[in-house]
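The values are calculated or read from the model by the stated rules, or taken from the named source; none is laboratory data. These figures come from a predicted structure and were not determined experimentally. Reconstructed Cβ throughout: ideal geometry from the backbone, glycine too, with neighbour counts over all protein chains shown. Keep in mind that these areas ignore ligands, DNA and RNA; they rest on the heavy atoms of the full protein, side chains included. Shrake-Rupley method; radii C 1.70, N 1.55, O 1.52, S 1.80 Å.
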Amino acid sequence: MRRTALPRPTASSEPCRASHRRGAASWLAAFGLGLLLVGCGGSDGGEHVVAAPTHDYGELQREVSRAIESGMQNLQVQGLSIALVDDQSIVWKRGFGMADAEARIPADPDTLYEAGSVSKVFTAAAIMQLTESGRLQLDRPIEEAVPGFRTRARFANAAPITLRNLLTHHSGLPGDLDRDAFAPVPTSLAAQVAWLADEYPAYPPDHIHAYSNVGFTVLGRAVEVASGLEFVAYMEQRVLAPLGMSSSAFHANPRFADRMAKHYGSLLPGDMPPFWLANGVAGGGLRTSVNDLSRFAMAMLNEGKHNGRQLLQPASVREMLRRQNGAVPLDFDFRIGLTWELEQLRGADGRSIQLAYHDGDTVYHHTYLAILPEYGLAVAVMANTESGESLVPRIARETLRRALKAKHGIDLVDPPAPTARPLSDTDPGLLAMAGLYMGDSGVVPIVFSDGSLFFVQDAETLIPLAPHEGGLFKLATDDKERWFSFQQIGGHDLILEHNGYGRYLLGERIRPYTIADNWRQRLGVYVPTDGQSREIVERIELKEFGGFLAIDPRIPMESGLSTTFLVRPESDDLAAIAGLGRHFNEILRFGRDERGEYVIYNGVRLRRAS
C-alpha cells in the first residue's frame, strides 16, 4: 500500500500507466515483456514442487529461475518468493536470496512479506461475503453502511457514493489522508472516516478511475459496522481462517516475527511512520506468504471454494471479475472489476484471454497476485527490497505466459500497434493542442513550432509528434514508436496513448489563467509547525511555474523526491491539483488564523515558513 500506490510503467503488452512520481522522460521509456535469461549464482530457499503437475513445467522453472536470479542481481534485490498454481495445486514454489541477509535466513515459500495493496482484494472478498448475507448492499448509499459518513460539499447534484464505487476506485474520494502518521498509537477506522467530514471529494462518483486508499478505509469501516467485529478480527476469522491461511495476519503478529522478511531500501528507519500499515489496514495491512496467497488464488479459480470451504458464492466471484467501468468515458480502455484490475491478453490464435491481477507496494516490499480464471492458472510473487518494484510484476507475468504455453499450448502475442498514413499538410489546429499537460508522468510540455508539435524531453530536447491519419501522432525514438491523440471529452483537453490494447489517458492540458494577487501573496514554503507531531509530508512549496501556480511537496517516504504539480485556483481559498486521475483534482485549502497562514494538503496542516 505505497502511499501513492504508484501505477508503474508496464510491459509493452500492457496498458501504459506511468507513475506520477517519475519525470516526463518516463513517457519515452521502453518496457519489454521478456527478461534477460542470463544465469547467475545466488542463495535460495530450495525448490518445492507440492503436487505432481499434470503438465510439464520443467522448462518454465528453469527459465524463470534464471530470470529471477539475473533480475535480483541486476537490481540488488535481497529476497524473493514465487508460487505457481495450476487449478487446485501449487505446482512450483521457491524462494530466492535472503529473507534476512544479516542473519543468513534464506527466503522460501513460507517467508512472510507485507502484501501492500493486494490486501484490497481480501477486503473486497469480505464486502462480498457481507453482501451475500444481506448485511451490505453494493449499490446503496454508503451512509447506510457507515452511518455518519460525510464529506464537504463540492459537486452539485452528485450521486451518492456506493460500495461498488469504493471497490472500483470510482468514489471520487481523495487518494490518501496522511494526517497523524507519526502519532504514538494507531488511529481507528472510525476516527479516520470521521476525518472525511473536513475533506472535499476530488470527483463526483463514477467520473473517472482515481485510486483511493481512503476509499478502502471506508470499506473497512463498513465491514466493522455490518459484522459487529473489528476489521482485523473479521478478516482473520472469516476470510483467512477458512482458506487455511494460518500464517497470515492483518496485524503485526509477534508469533510470526521470525518468519517476516526484513526490509531493504533507501528510506531511513526514522522516516517510516510506525503505524502506517495499521492505519491503512483495510487497504494494505496484510502480511502473508506466496504459499498462503496461493490458497486465495485457488478459491478464485474454483468459484469461491477451497478445500471444501465456500469462501464466496460463485456469483460473487463472477461479479468481482466482471468489468465494472465500461460506462465511464474518461476510463477509456482501462478495465477494473470489483477491486481486481482486468486486462485482455491476446493469444497467437486471436483469442482474448482475461488476466485479473492486483499489485501491492509498502516502500520496501512488493507483491503481485495474478490469475487467468478461464485457464486455471495463478501466480504470486513477493520481494523484500525497494529496488524490486519493477522485477516482481515482470516475473509474475512471464511465469503466467510460460505456464499458459505449457498447460494449454497457447502463445501470447502483442496485438498489432496502431498504423496510419502520415499527413503532409500542416493543420492550423495544432496550435490549440500545445501547452502544459499534467498526468501521471508529471508536467509534460507540448510545444508548437514551425507548424509542428513537439514533445519536450528533459526541458530542452524537442521530439517531433508527426501527424497521421485518424487524428494520430507518432513519436519515434531510436528503439520505439509510440502513438498519441489529442481529444476533448467532458470539457477536458486530453492527450491519450494508443497501443494494441486500446487508449489510455496520459494527461490533461491545463488551460491558462491569470494568477490573482491574493494567490501570489501566498507563494512560499509551508512546513509542519513546532510542537506538531511529525507528518509524512515534510514541506510544501507554493510557487509559480510557467505562468501557473504549482506545488512541490516533499515526502521522505518517496525517497525524498520533490515533484512539481500544477494547481488551479477554485476560489479565494481553495485550489485543486490540476489534471485527471489519482491525486489530481484534490483540494488544497488555504487559510489564516491567529498563528498565521496555513495550507491543508492530504489532511495535513502546514504553516507558512517563508
Open item on the list: Give me the percent relative contact order of the chain, please, defined on Cα pairs under 8 angstrom at least 6 residues apart.
Closed with: 16 percent
Task: Rounded FRET efficiency, nearest 0.05, which uses the C-beta distance separating Ser352 from Glu303 and R0 of 25 Å - done: 0.75
Task: Over the range 527-610, equivalent-ellipsoid semi-axes from the Cα gyration tensor in Å - done: 20, 17, 12
Open item on the list: I'd like to know which of Pro109, Gly95, Pro141 lies farthest towards the positive end of the charge dipole of the range 92-156, counting +1 on Cβ of Lys and Arg and -1 on Cβ of Asp and Glu.
Closed with: Pro141
Open item on the list: Under the 0.36 nm per residue contour assumption, what length would be gained going from the current alpha-carbon distance of Ala257 and Asp552 to full extension?
Closed with: 102.4 nm
Task: Sequence ranges 71-82, 478-489, ranked by mean other-Cβ count within 10 angstrom, highest first - done: 71-82, 478-489
Task: Cross-link pairs Lys120/Lys474; Lys93/Lys120; Lys93/Lys305; Lys305/Lys407; Lys305/Lys405 - those with Cα-Cα distance over 31 Å - done: Lys120/Lys474
Task: Assigned charges on the beta-carbon of Lys, Arg, Asp, Glu; the range 98-254 dipole about Cα centre (debye) - done: 500 debye
Task: Charged-residue dipole, Cβ positions (Lys, Arg, Asp, Glu), the chain about Cα centre, Debye nearest 20 - done: 760 debye
Open item on the list: Given a Förster distance of 41 Å, report the FRET efficiency between Arg421 and Arg62 from their Cβ-Cβ distance, rounded to the nearest 0.05.
Closed with: 0.35
- [ ] Provide the gained length on full extension for the span Glu481 to Val413, in nm with one decimal, where the gain is 0.36 nm per separating residue minus the Cα-Cα distance.
- [x] 22.7 nm
- [ ] Leaving out ligands and nucleic acids, note down the accessible area per residue over the range 373-523 with a 1.4 angstrom probe, in whole Å².
- [x] 44 Å²
TODO: Round to the nearest 10 and report in Å² the accessible area of Phe454, as given by a 1.4 Å probe over the protein chains' heavy atoms.
DONE: 40 Å²
Open item on the list: What does the extension gain come out to for Arg520 and Glu544, with contour length at 0.36 nm per residue minus their alpha carbon separation?
Closed with: 7.8 nm
TODO: Per DSSP H run of at least 4 residues, take -39500 (n - 2.57); add these up for the chain, divide by its residues and hand me the 222 nm value, nearest 500 deg cm²/dmol.
DONE: -5500 deg cm²/dmol
Open item on the list: Need one value: the accessible area of Asp427 in square angstrom, 1.4 angstrom probe, rounded to the nearest 10.
Closed with: 80 Å²
Task: Accessible solvent surface per residue of the range 272-371, calculated while the other protein chains remain in place, 1.4 angstrom probe, Å² - done: 29 Å²
Task: Accessible-area value, Glu558, 1.4 Å probe, nucleic acids and ligands omitted, Å² - done: 10 Å²
- [ ] Could you tell me which helices of the chain pass both thresholds, a Cα extent of 15 Å or more along their own axis and a mean Kyte-Doolittle hydropathy of at least 0.5, with helices taken as whole DSSP H runs?
- [x] 119-132, 213-227, 290-301
Task: Sequence-separation-based contact order of the range 486-606, relative, with Cα cut under 8 Å and 6+ spacing, percent - done: 15 percent
